[in-house]
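Notes to accompany the following structure.
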Amino acid sequence: MRFFTLLIVVLCSTCQLLIAEENPVPRLEQTMNAALDLIFLPEHADKSQDVRADLVRATVEEQFDLGVLIRRTFGRNWQQVDEANQARVSEQVKQLLVFAFVEGMVGKSRPVITFGAPEFLSSKRIEVASKIIVDEQIYQLTYRFGRLESGWQIYDILAEGISMVANYRQQIDDHFRNNNAHSLMEKLDALLND
């Protein structure tokens, strides 16, 4: 009898986890609020921008795989970067993304973010619209999620309807037409050291 009780408890718990994962909005909202707390709460005010960026990155990567977004942005060019340097390029891009986010918040009031309900495009693709209000300016951001083995992961972000992946992929395509992965890593290093 105990075995069946334990089995029912395990099955119910598993079902609850699967149902909860049907909607990544709570996880996204929690992650964004935690990241903004690291930037705006007074107890973090004495931390350098680099330290806050590291904390924000750790918070985001605890919930989402930024590598999915990076590989999708590179598209076919990801194969132009040899396997030994893919980790380096991924690390450089992650640092730039998070630092740009943190730096973009400097001197601004804390954004107010509202998330819409997920719009299921298919069983493996959803979009989540959000509205961000910063210093009385309103911005529209749409998160595109794909269902992977690791759960729902962000594979693109649309800012005012413009795809981040498509925008940066065009720049990366342009780079690889005339240059190689080594020169890309040098450019990324230069950006990180500015």
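The values are calculated or read from the model by the stated rules, or taken from the named source; none is laboratory data. Note that the structure is a prediction, hence the values are computed from the model and not measured. Positions of Cβ are backbone-derived with ideal geometry, glycine not excepted, and every protein chain shown enters the neighbour counts. For the accessible areas, the whole protein counts, side chains as well, though only heavy atoms, and no ligand, DNA or RNA atoms are used. Shrake-Rupley method; radii C 1.70, N 1.55, O 1.52, S 1.80 Å.
Counting other Cβ atoms within 10 Å of each Cβ, which GluC sites (Glu not before Pro) in the stretch 122-194 have at most 13 and sit in a DSSP loop?
Details: sites: Glu127, Glu136, Glu149, Glu160, Glu186; in loops: Glu136, Glu149, Glu160.
Listed in order of number, the matching sites are Glu136, Glu149, Glu160.
Give me, ordered by chain and number, the residues 5 or more places off Arg110 or on other chains with an amide H under 5 Å from its own placed amide H.
none
How would Val106, Val68 line up by accessible area, probe 1.4 Å, largest first?
Solvent-accessible surface, decreasing: Val106, Val68.
With θ taken as phi - 60° and the coefficients 6.51, -1.76 and 1.60, list the Karplus ³J(HN,Hα) couplings across the stretch 93-100 in order, rounded to whole Hz; mark glycine and proline as x.
5, 4, 4, 5, 4, 5, 5, 4
Taking the chain as a Gaussian network, where each spring joins two C-alpha atoms under 10 Å apart, which residue of Phe74, Phe176, Phe145 fluctuates the most?
Maximum among the listed residues: Phe176.
Please compare each pair in Lys108/Lys187; Lys47/Lys94; Lys124/Lys187 to a cut-off of 31 Å on the Cα-Cα distance and tell me which ones are over it.
Lys124/Lys187
Among the aspartates and glutamates, which fall within straight-line cross-link reach of Lys131, defined as a Cα-Cα distance under 13 Å, with same-chain neighbours fewer than 8 residues apart omitted?
Glu29, Glu160
Leaving out ligands and nucleic acids, note down the accessible area per residue over the stretch 64-194 with a 1.4 angstrom probe, in whole Å². Walk me through the numbers on the way to the answer.
Working: 7640 Å² over 131 residues.
Heavy-atom SASA per residue in the stretch 64-194 reads 58 Å².
Suppose the Debye formula is applied to equal point scatterers at every Cα of the stretch 53-151; what is log10 I(q)/I(0) at q = 0.11, 0.16, 0.21 Å⁻¹?
-0.44, -0.91, -1.28
Each residue of the stretch 29-37 in order: what ³J(HN,Hα) in whole Hz does its phi give by Karplus 6.51 cos²θ - 1.76 cosθ + 1.60, θ = phi - 60°, with x for Gly and Pro?
Those phi angles translate into 4, 4, 5, 5, 5, 5, 5, 5, 4 Hz.
Which one of Val51, Val93, Pro24 is farthest out on the positive end of the charge dipole of the chain, using unit charges on Cβ (Lys, Arg +1; Asp, Glu -1) and the Cα centre as origin?
Pro24
Send over the Kirkwood Rh of the stretch 54-104, from the inverse of the averaged 1/r over different Cα pairs, rounded to one decimal Å.
11.6
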